[in-house]
Amino acid sequence: MAREQLGVLNALDAAKTQLYHFTAIVIAGMGFFTDAYDLFCISLVTKLLGRIYYHVDGAPKPGTLPPNVAAAVNGVALVGTLVGQLFFGWLGDKMGRKKVYGLTLILMVVCSIASGLSFGSSAKGVIATLCFFRFWLGFGIGGDYPLSATIMSEYANKKTRGAFIAAVFAMQGFGILGGGIVGLIVSAAFDHAYKAPAYSVDAAASTVPQADYVWRIILMVGAIPAALTYYWRMKMPETARFTALVAKNAKQAAADMSKVLNMDLEAEEDKVIKMSTDRTNSFGLFSREFLKRHGLHLLGTTTTWFLLDIAFYSQNLFQKDIFSAIGWIPKAASMNAIHEVYKIARAQTLIALCSTVPGYWFTVALIDIMGRFAIQLMGFFFMTVFMFALAIPYHHWTLEPNRIGFVIMYSLTFFFANFGPNATTFVVPAEIFPARLRSTCHGISAAAGKAGAIVGAFGFLYAAQSTDPAKTDAGYPPGIGVRYSLIMLGVINFFGMLFTLLVPESKGKSLEELTGENGDENDEKQIQMDPSRTVPI
């Protein structure tokens, strides 16, 4: 028979939605707003960096970052994020969620400012310092993934837990939108204040000296939302699940949650002692017991996040082609440097407003109705369908009368990524692993996703190059072309569907029900053979 749940955890599971839930969403969500802003704002300014630091006198086109430099500038933060997810995920289970939570935010604030202050007397010096600070910025961002997800899952009630965790993640959409809006404001202000001709009219004068401030300001603004929430992060009490189940401090857990819930809770020390001596609550990450109980779960969460991020991040490959095709971004030579930033920011803002943000909030609204499994499977299915629909008749979509159809298909792929696995892969790892390993396992799953992002952003950057050497981007070798790259992405999304079958449905259950932390071995066995799962373990 299962033992009775701890009173403090029962109170959290049964709590009605109230102010502290929304406070937690805002505090954790502003971290994600900052994460998305910092990770995606670099795409607004890479072309400007090329114009400023890699200008070649007499060249027919404006200067661009060489392939290795572009890869470093765009990718170094992703590498830092991957390392940060693993490190802070592990640290969150060792030291507690709250203690580590402030560290990640300080790192993000300091490195956002330092990225904008990148110094050096040469292009190499500026880019090297920028990459150094972007790595450590990514390291801090990486910590926010497992900690925000774990804190929100451990604070939420079981009825609306999925919506609360998804709402934290959905702040990414506003971060991407915020980046676009800041880019629009800064570039418009500088373009108005410092008039410059197009590159084709006067190459040297098209990049005014003040353009160097534009990218620095855009990068540094990312420090503001993170700094504003630091005080509130430090005021949040440690989660009761960490305090009771990991730190074994029943008194502190009851005291903390009594304040949060505005009710008197009993400190059940005897229950905590019994639970701590139970072998079902003591196995480690690298034990045979973990492999037996959660091995397939971890395989499911890591592979689906890895496969999703290959597809999600590689979608940026053909953004520039789409934006250019429909006239959102004119040819580089027809604009001055700052105006080009404005056009790119406008395109990012429109995509975020019409596709990215709505997709996230569809998930928030429906995740506790449809369930995680159904939304993830549906998202991967439609991403597969739209990738193949873009790829197979690719020549058809390149013809001018059909380009609007291509943009609609492309937007729907983004929409179903966000109303689908991009949200659920974040939610599920925060629910299905034991409290003492929850942050670590979420960090491992998220790091697998960032490994996919690196493959998607850079592997496919080379793969999508034309097979004709004369048509490749400057400095790149021939690839397999956009059409075959899209076919590969369709196949990757199909495998995402298959690996989703390894992930359990967690809708409507308490965290301890899902992990067996308040029950005996028979109770755990029953959970593993839950009929709501598609594939029994």
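The values are calculated or read from the model by the stated rules, or taken from the named source; none is laboratory data. Keep in mind that this is a model prediction, so the values were computed, not measured. Ideal geometry is used to build each Cβ from the backbone, glycine not excepted, and the neighbour counts take in all protein chains shown. Please note that ligands, DNA and RNA were not included when accessible areas were found on the heavy atoms of the full protein model with its side chains. Shrake-Rupley method; radii C 1.70, N 1.55, O 1.52, S 1.80 Å.
Residues to consider are 79, 69; find the one that is under 27 Å from the mean Cα position of the chain (by Cα) and farther than 29 Å from residue 233 by Cβ. So that I can check it myself, show each step before the final result.
On the way: 79 fails: farther than 29 Å from residue 233 by Cβ.
None of the others qualify; the one that does is 69.
Checking the condition open to solvent by 50 Å² or more (accessible area, probe 1.4 Å) and at pLDDT 95 or above, which residue from 399, 377, 412 passes? Give the derivation first.
Numbers: 399 fails: at pLDDT 95 or above; 412 fails: at pLDDT 95 or above.
Among 399, 377, 412, only 377 is open to solvent by 50 Å² or more (accessible area, probe 1.4 Å) and at pLDDT 95 or above.
Within segment 224-231, one or more residues are aromatic (Phe, Trp, Tyr), closer than 30 Å to residue 113 by Cβ and part of a helix (DSSP H, G or I). For segment 226-258, the tally of residues that are within 30 Å of residue 172 (Cα to Cα) and of a type in the set (Lys, Arg) stands at 3. With respect to residue 367, is the statement that it is under 27 Å from residue 388 (Cβ atoms) and at pLDDT 90 or above true? Yes, satisfied. Restricting attention to segment 415-446, which residues are closer than 25 Å to residue 283 by Cβ, out of contact with any Pro (no Cβ under 9 Å at 6 or more places or on another chain) and either open to solvent by 10 Å² or more (accessible area, probe 1.4 Å) or hydroxyl-bearing (Ser, Thr, Tyr) (or both)? Answer for segment 415-446, where residues must be closer than 25 Å to residue 283 by Cβ, out of contact with any Pro (no Cβ under 9 Å at 6 or more places or on another chain) and either open to solvent by 10 Å² or more (accessible area, probe 1.4 Å) or hydroxyl-bearing (Ser, Thr, Tyr) (or both): 425, 436, 437.
Among helices (runs of 4 or more DSSP H) lying entirely in segment 409-489, which contain 2 or more residues that are in contact with a Phe, Trp or Tyr (Cβ under 6 Å, 6 or more places away or on another chain)? Even if it seems obvious, please write down each step before you answer.
Details: elements: 421-427, 435-454, 460-463.
Correct list: 421-427, 435-454.
With the requirement that a residue be open to solvent by 10 Å² or more (accessible area, probe 1.4 Å) and basic (Lys, Arg), what does segment 106-147 give you? Hit for segment 106-147 is 124, nothing else. Just one residue in the set 245, 219 is more than 26 Å from residue 354 (Cα to Cα) and assigned to a helix (DSSP H, G or I); that residue is 245. Residue 309 passes every criterion in (1) open to solvent by 80 Å² or more (accessible area, probe 1.4 Å); (2) at pLDDT 90 or above; (3) charged (D, E, K, R) apart from (1).
One residue is enough: does segment 493-511 have a residue meeting the conditions open to solvent by less than 20 Å² (accessible area, probe 1.4 Å) and at pLDDT below 90?
At the first step, the residues of segment 493-511 found to be open to solvent by less than 20 Å² (accessible area, probe 1.4 Å) are 493, 496, 500, 503-504, 506, 510-511.
Right, trim to at pLDDT below 90 and you get 510-511.
Looking for residues that are open to solvent by less than 20 Å² (accessible area, probe 1.4 Å) and at pLDDT below 90, one finds at least one in segment 493-511, hence yes.
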